[in-house]
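Report on one structure; see the data block that follows.
The values are calculated or read from the model by the stated rules, or taken from the named source; none is laboratory data. Predicted model, so just to flag it, every value in this text is computed and none were measured. With ideal geometry, Cβ positions are generated from the backbone for all residues, glycine too; neighbour counts draw on all protein chains shown. Areas reflect the complete protein model, heavy atoms only, side chains present, ligands, DNA and RNA absent. Shrake-Rupley method; radii C 1.70, N 1.55, O 1.52, S 1.80 Å.
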Amino acid sequence: MSEIQDPLRREIIGEIYRQADELGWDGLSISERSTWYNRWVDDGRIGGVLTRYMPRERARLWIKDVPMKHYNRARSGIGPYADLVRNPLPGAAQIAQLVFGCEWDFVEGTLREKPNRCHLSNGPECVQMIWGTSRNLQSLIWAGLNTRVDGGPRPVVVVTTRQGERLSEGERARHQRLGELAGLEVRHIATRATRAPGNDGEAGR
């Protein structure tokens with residue numbers, strides 16, 4: 001992929017993200033996602049460009065392992081492709097306000113990823129907010145445990161659900177129980193993407 005100049009690379013990724021947003025990527029099954037990887041390889045704006053630089057099989061793998069591997073982090077305002085997302089999810093500062101209240105502020109320079117985490121402060125107190133979906137709960141809890149071992153701010157795990165998703169009471173209770181066993185506070189919040197003004201295009205099908 002190094003042969004492709006960065007502006008063209010970003011144009012391809014931006015088109016993939018535009019279509020993923022329109023498709024409601026979070027709600028697609030594994031088989032549906034696989035179908036769209038193939039369609040993107042066949043799409044002249046995506047695979048039609050990529051296959052000028054690499055074999056078709058590698059182009060499909062690149063779509064899956066580069067832009068789409070970064071997709072959820074980019075939607076949260078994190079990583080090198082965050083500016084290419086048209087319908088972003090709430091970022092760290094917005095989630096902090098929703099979960100902790102308006103008196104808590106995001107501490108600049110503390111944002112980290114894999115998993116998403118940052119420091120928040122209300123003046124006298126500082127916490128580390130670690131957030132992600134229930135699918136990443138193991139990583140969230142592990143990050144919280146490492147924060148405790150390293151002597152960092154009090155970690156709080158925030159499990160997010162996207163529009164159209166719903167956790168059962170049993171799932172929520174299980175998350176709380178896992179948090180208790182790990183000595184971590186666990187909170188839940190529903191988030192939704194914000195549609196960018198003028199973004200009314202339809203994904204190519």
When region 73-113 is checked residue by residue, the ones that are among the polar types (S, T, N, Q) and in contact (Cβ under 8 Å) with a residue 40 or more places away in the chain are 76, 87
Given the conditions (1) over 19 Å from the mean Cα position of the chain (by Cα); (2) in contact (Cβ under 8 Å) with a residue 24 or more places away in the chain, and given that residue 10 satisfies all but one, which numbered condition is not satisfied? (1)
Qualifying residue in region 41-53 (condition: acidic (Asp, Glu) and either surrounded by 16 or more Cβ atoms within 10 Å (Cβ to Cβ) or in contact with a strand residue (DSSP E or B) (Cβ under 9 Å, 6 or more places away or on another chain) (or both)): yes
Matching entry among 113, 125, 103, 108 (being in contact with a helix residue (DSSP H, G or I) (Cβ under 6 Å, 6 or more places away or on another chain) and open to solvent by 50 Å² or more (accessible area, probe 1.4 Å)): 113
Helices (runs of 4 or more DSSP H) enclosed by region 49-166 - at least 3 residues per element that are under 30 Å from residue 38 (Cα atoms): 56-65, 67-75
Checking the structure you have, find out if any residue of region 18-35 is farther than 30 Å from residue 121 by Cβ, under 15 Å from the mean Cα position of the chain (by Cα) and open to solvent by less than 20 Å² (accessible area, probe 1.4 Å). yes
